[in-house]
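The values are calculated or read from the model by the stated rules, or taken from the named source; none is laboratory data. All values derive from a computational prediction rather than experimental measurement. Quick reminder, even Gly has a Cβ in these numbers, built from the backbone with ideal geometry, and neighbours come from all protein chains shown. Side chains included, ligands, DNA and RNA excluded: accessible areas come from the protein's heavy atoms. Shrake-Rupley method; radii C 1.70, N 1.55, O 1.52, S 1.80 Å.
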4 protein chains.
Amino acid sequence: MQTSVKSKRPRTREIGIQIGHLPTGEYNGIIDVPGVKVGHVTLVSGEGKLKPGKGPIRTGVTAILPHGGNIFRDKVTASAHIINAFGKSIGLSQLMELGVIETPILLTNTLNVWTVADALVDYVSAQNPDVYSFNPIVGECNDSFLNDILGRHVQREHVFEALESASETNIEEGVVGAGTGMSGFGWKAGIGTASRVVKIGETEYTIGVLVLTNTGAASDLRIDGFPIGRKLTPAEVSDKPLGSIMIIIATDAPFSHRQLTRVAKRAAFGLARTGAIASHGSGDFVIAFSTNRSDASLDEGGITVFFRAVIEATEESIINSLLKAHTVVGHDGNVRHGMPIGRVIEILELNPPV
Amino acid sequence: MQTSVKSKRPRTREIGIQIGHLPTGEYNGIIDVPGVKVGHVTLVSGEGKLKPGKGPIRTGVTAILPHGGNIFRDKVTASAHIINAFGKSIGLSQLMELGVIETPILLTNTLNVWTVADALVDYVSAQNPDVYSFNPIVGECNDSFLNDILGRHVQREHVFEALESASETNIEEGVVGAGTGMSGFGWKAGIGTASRVVKIGETEYTIGVLVLTNTGAASDLRIDGFPIGRKLTPAEVSDKPLGSIMIIIATDAPFSHRQLTRVAKRAAFGLARTGAIASHGSGDFVIAFSTNRSDASLDEGGITVFFRAVIEATEESIINSLLKAHTVVGHDGNVRHGMPIGRVIEILELNPPV
Amino acid sequence: MQTSVKSKRPRTREIGIQIGHLPTGEYNGIIDVPGVKVGHVTLVSGEGKLKPGKGPIRTGVTAILPHGGNIFRDKVTASAHIINAFGKSIGLSQLMELGVIETPILLTNTLNVWTVADALVDYVSAQNPDVYSFNPIVGECNDSFLNDILGRHVQREHVFEALESASETNIEEGVVGAGTGMSGFGWKAGIGTASRVVKIGETEYTIGVLVLTNTGAASDLRIDGFPIGRKLTPAEVSDKPLGSIMIIIATDAPFSHRQLTRVAKRAAFGLARTGAIASHGSGDFVIAFSTNRSDASLDEGGITVFFRAVIEATEESIINSLLKAHTVVGHDGNVRHGMPIGRVIEILELNPPV
Amino acid sequence: MQTSVKSKRPRTREIGIQIGHLPTGEYNGIIDVPGVKVGHVTLVSGEGKLKPGKGPIRTGVTAILPHGGNIFRDKVTASAHIINAFGKSIGLSQLMELGVIETPILLTNTLNVWTVADALVDYVSAQNPDVYSFNPIVGECNDSFLNDILGRHVQREHVFEALESASETNIEEGVVGAGTGMSGFGWKAGIGTASRVVKIGETEYTIGVLVLTNTGAASDLRIDGFPIGRKLTPAEVSDKPLGSIMIIIATDAPFSHRQLTRVAKRAAFGLARTGAIASHGSGDFVIAFSTNRSDASLDEGGITVFFRAVIEATEESIINSLLKAHTVVGHDGNVRHGMPIGRVIEILELNPPV
């Protein structure tokens, strides 16, 4: 079982693209929100013909922890927005009723969500032995083009490893964790992340986004607006729009459930800016949470800058998830190419910082 | 592993209570909707002190099949309504987006939903080997008062057994299937079912309901309106309202997704008539489907009689789920008494048919 | 133009019916919530044949003010729940987005809502001359059985009068304000109100409800559970369920928008207990607001008692709206009889307090 | 009272911009959907200092008729999607419950919606004298920057004129009807329209969009992806994002209410592509209807191309609403400049067709 190699491919800003007006956080990732931790387990093994249950395996699991404590005991305010619900996300009904998340959030492949949710309950149940009700949050995209999805290869131990290895400095992107087998805009895609910092008076707040990209038709791709998909598409790829995307938003701003709902809806704007159209078969879910557990509140008249922050960070996360993803060969010779960075630079007439 | 004994306790009508105006179907159950099948697997074993993972076990799984064919290939129109979402039901987001159900519906206990969903995917995947995306529908209530819920004792084989044993004549109620460990209004409760027949012009349509009752405070209970809970409550039971209830509605009337949404919302009226108040901790979910796959449609101006049918059948299903449930002793001597039928007859001044 | 005579008919408790467990507020009305004011303008004139635009007039307008100050400047937290949306209520989209009410709430007849909303904007605009956006909240039921509804007889001056005459001690019910021409369960109905007091620790909170009843089939009526509609129906009345009902909930408990949404949903349970079924043509809307503008918050685990309070107060408000309403003759000899109080007492075997 | 001069400014395609992949309808407007009619009444009078109630007047009303018959008798299937609900749109609750539109759709300014709705009821009531319930659909944006909005200058006669003058060939855009006083991205904006043709098998369907644009920050504007707002902004305009937008979608494809909901959600993607961020104060509403009243239905697997059509037509409608709008001076010397077409052509390096 091979683990991911840290991608040396560049992020959006490293080739000179600056999306939006607002400043980024230190890492330009969801982990810039204080306390948020990310962990990935990447499963890559086998090659050749698909043998359901055997492989080849190109999948994984990604964990996002709102904070490092016992989340069930110390719940965080949350909301969700569903752009297109051809998807199997778990836990959203209770999340919307009670306005909180009480477990880490896990991302994986479509047919693994129930096993992963069950393992997540094992994990939080061990921390909270007297509790008889948990609401695990698990999202997914479909990696069957590269991965033996019917094999449901993400198991209990992988879930535990993703949770336990999660760190506040994990900025891995591309072919990692749940992103291992995903595609976007005809290219290899996967995990991407970005952040923005918003200043309200003297206080700085961070909005961080992490996406699991598995959506988009090649010819539709726009990078920072530029319709690059009209000039650059992978050879031999159907131009049918793929589905889906999971978008996780974290912030330390003291938003209520209702306000997080408003914030979450703006993720669709960031997605749309990349040229995605949320096709019929897409499961496009947004989950937003605030780590702020004080009694503070913000003047809602000033919420628009947070909308902008989400839109910018979502757009940049998606582009990161493409740029950082290297070529992967899956079952039956199915291949998704990493975007050719040189061509992107050339077409966009970029001057990457040295 | 002991299976359920067919309950000899009476149903609502058998003690002379007639809820509502409309006629019932032949069996007065959800199976009156042509093609609908129901199966239960009841798990009862062990006694004494709770040993998580070991028992005692008082739980089960219930399967409702919209028809006997391949449901994934031959989907049925569906909708859902959430009364209170402190619950873990699986599959509702996609159900609401696409307006269909593509798997059987399973009911079980709270912490078993993910295992059961995973097993359900095994089942439908075996029927549809070339498909890489399924949306299993699973609902739950919390049976931890009697059952070793942390043990998650409902396994893959029980799911398969419930699905494979499902029949068009299964009218079991009370302490059976997912209802094995459930309580309601301070009494033992579980599965209940009822149906109504609606005549539109020359055509007869059936509305069938099946409930998994685990809700209600003892003193709130109303039977056919009569506030019996003011006169009859179980000894030594806290009067705290319990949660939750799952309400499944089937019909052969040609309703659209939008119309089924309207129909599903009326289940809350049937629930309310029993005195339930949908407490904070309740997971009260309604799922409605139509087996009618013709192009027919009904004049919406005439939909009110179907609302009435749902309300009546839901109310009667809940009362059935109480009357039919015998006393069960769970872990640590926890006991839920079956309602004392004689006292019910006495207080309601009933003249049961001989 | 004749004003309403204060009804001498009894309220629910005055004939010995005690709905639910919780204590009432001082007036047992929505005005028990400190600061809440209610005003009615009742329009009754003409008789005989319907001449659209001329009369006879049996209609009015009811104002509910969350507090006596400038509501636009000092907004109150709010939410809404729609039971059945065959209705023309105004202002709910913005209310749900921002979670506040910024004007008084007005109730009137179906075809008058737009004129009334426009007049309400005149009213709040005069108080706030520099503001160019207002979100008036107006609800309605259809009084066309008795009233010349096409005449849209509620005009600007009536709206102003209702707002300006609103008081913290107005406990009028029955044939008054927006209730003037309404019917329920085959009988004359109209305005009803009730309240409950909830004690959390040492603090008392009030939940007040005001309903505009125009719903229900005669044979479905249940009073405190008892299915009186099976024994007592008005002569010569179709048993078709009527629509609609407006339910306004006020509280001084410090609920958030999300929590008020949960609270509002329980009004449907109070409605259902009366035997109503929310027919196709019903516009059944619930609006809930909290006058508490402090930073306080309540432990959500204790919210269930507020659900109970809403259910009880809604049920009692509806019964009040029936009992208090005297017989009214409308156009073309159309008549709605006030419920015969003596018969109600007799059938329910009540012992009214002397 | 001065009427609009037909704008000689170019549409998007007339300067060489081709948004998206799909072909347009004949007029490239909502009127390409057979039967759909559009009418505008433009109110422009006075200048100088704002005298509330007197002027200056820069406003109007726009009517969209799903067909030329009696819409109440011959309702059309419809749905809506709310992007951000800081707005006063009327009629959406019932539209979502019943899934139909039963009146023409009117657009006007924020404070005129209730008067306009009342007038619309006059109009449909005259056509249907025996009906006592109508659900008028009216949307709005806020034109107070240029217009005396408190004056509510759109009156009954203007509504009737817009309805009666509506035609199947009206392709007016920019400073016309409800768009008279609106702004977008710092520029003068207003009405825009576009259409796309989708071929399913041998059948062609049309998707038409009409927008009332009053949204967007100058520096955010993207035209066909290109971030032109970074290079071209109006002098002396605050870069605060404005609100709002109304987006009306018509089609002759046989979509159900649920499917139209999905279609309507994609309008947000078209909006996002222009750089809009749906600010706090935006009232961004989408209304979609199908004129197809046959029993036909489409394979939902093929719905994605309609999503694309909506996105493209929305994006193009918004750009049209900017390009076509000439400079307007409102009250107190407030001015919104029409986009300088020459500069747009220059910056985008366009080669307009001669």
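Considering only the range D:57-78, I want to know if a residue exists there that is crowded, with 24+ Cβ neighbours inside 10 Å, among the hydroxyl-bearing types (S, T, Y), within 14 Å of chain C (Cβ to nearest Cβ) and in contact (Cβ under 8 Å) with a residue 12 or more places away in the chain. Yes: one or more hits.
Here B:H280 clears all of (1) at the interface with chain C (Cβ under 10 Å from one of its Cβ atoms); (2) surrounded by 17 or more Cβ atoms within 10 Å (Cβ to Cβ); (3) part of a helix (DSSP H, G or I) except the condition numbered (3). Residues in the range C:58-101 that are among the charged types (D, E, K, R) and under 30 Å from C:A325 (Cα atoms): C:R58, C:K88.
Scanning the range D:134-181 for residues that are closer than 18 Å to D:K37 by Cα, charged (D, E, K, R) and open to solvent by 20 Å² or more (accessible area, probe 1.4 Å) yields D:E161, D:E164, D:E168, D:E172.
In the range D:226-239 there is no residue that is modelled with pLDDT under 95, under 22 Å from the mean Cα position of the chain (by Cα) and under 9 Å from D:F185 (Cα atoms).
Residue selection: B:A189 fails the criterion of being modelled with pLDDT of 95 or more, buried (at least 20 other Cβ atoms within 10 Å of the Cβ), of a type outside the set (K, R) and touching an Asp or Glu at 6+ places or on another chain (Cβ under 7 Å).
For every residue, the table says whether it meets (1) under 30 Å from A:G216 (Cβ atoms); (2) at the interface with chain B (Cβ under 8 Å from one of its Cβ atoms).
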residue	(1), (2)
A:D118	no, yes
A:Y123	no, no
A:V131	no, no
A:F134	no, yes
A:C141	yes, no
A:L146	yes, no
A:G151	yes, no
A:R156	no, no
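Only one entry of D:I15, D:I19, D:I31 meets the criterion of being closer than 30 Å to D:F307 by Cβ, modelled with pLDDT of 95 or more and within 14 Å of chain A (Cβ to nearest Cβ), and that entry is D:I19.
Filter the range D:32-56 down to the residues that are open to solvent by 10 Å² or more (accessible area, probe 1.4 Å) and either under 14 Å from D:T206 (Cα atoms) or touching a Pro at 6+ places or on another chain (Cβ under 9 Å) (or both) and list them by number. Across the range D:32-56, the qualifying residues are D:D32, D:P34, D:G35, D:K37, D:V44, D:S45, D:G46, D:E47, D:G48, D:K49, D:L50, D:P52. In this structure, A:V286 does satisfy being under 17 Å from the mean Cα position of the chain (by Cα) and more than 22 Å from A:T59 (Cβ to Cβ).
Going by the structure shown, is C:V131 more than 17 Å from the chain's Cα centre (by Cα), β-branched (V, I, T) and open to solvent by 10 Å² or more (accessible area, probe 1.4 Å)? Taking the combined requirement at face value, the residue satisfies it. Kindly indicate whether C:S183 is in contact with a strand residue (DSSP E or B) (Cβ under 7 Å, 6 or more places away or on another chain) and within 18 Å of C:G275 (Cβ to Cβ). Yes. For the range A:42-51, the set of residues classified as part of a loop (DSSP other than H, G, I, E, B) and away from chain B (no Cβ under 14 Å) consists of A:G46, A:E47, A:K49, listed by residue number.
Yes or no: A:A235 at the interface with chain D (Cβ under 9 Å from one of its Cβ atoms) and either of a type in the set (A, V, I, L, M, F, W, C) or surrounded by 23 or more Cβ atoms within 10 Å (Cβ to Cβ) (or both)?
Answer is no for this residue.
Annotation: of all residues in the range B:283-305 being crowded, with 24+ Cβ neighbours inside 10 Å and under 28 Å from C:A313 (Cα atoms), the one that is farthest from the other protein chains (Cβ to nearest Cβ) is B:V286.
Counting residues in the range A:252-264 that are touching a residue at least 40 places away in the same chain (Cβ under 8 Å), open to solvent by 10 Å² or more (accessible area, probe 1.4 Å), part of a helix (DSSP H, G or I) and more than 8 Å from every other protein chain (Cβ to nearest Cβ) gives one or more.
Among the residues of the range C:112-137, those that are under 18 Å from C:H153 (Cα atoms) and of a type in the set (G, A, S) comprise C:A117, C:A119.
Among the candidates B:V211, B:V198, the residue that is of a type in the set (A, V, I, L, M), outside any loop (DSSP other than H, G, I, E, B) and within 14 Å of chain C (Cβ to nearest Cβ) is uniquely B:V198. Of the residues making up the range C:142-181, those that are free of Cβ contacts under 8 Å to residues at least 60 places away in the same chain and either touching a Cys at 6+ places or on another chain (Cβ under 6 Å) or farther than 12 Å from C:A63 by Cα (or both) are C:S144, C:R152, C:Q155, C:R156, C:E157. Return the residue satisfying two criteria in turn: it lies in the range A:320-340 and is part of a helix (DSSP H, G or I) and either open to solvent by 30 Å² or more (accessible area, probe 1.4 Å) or in contact with a Gly (Cβ under 7 Å, 6 or more places away or on another chain) (or both), and of such residues it is nearest to A:H21 (Cα to Cα). Here the residue is A:N320.
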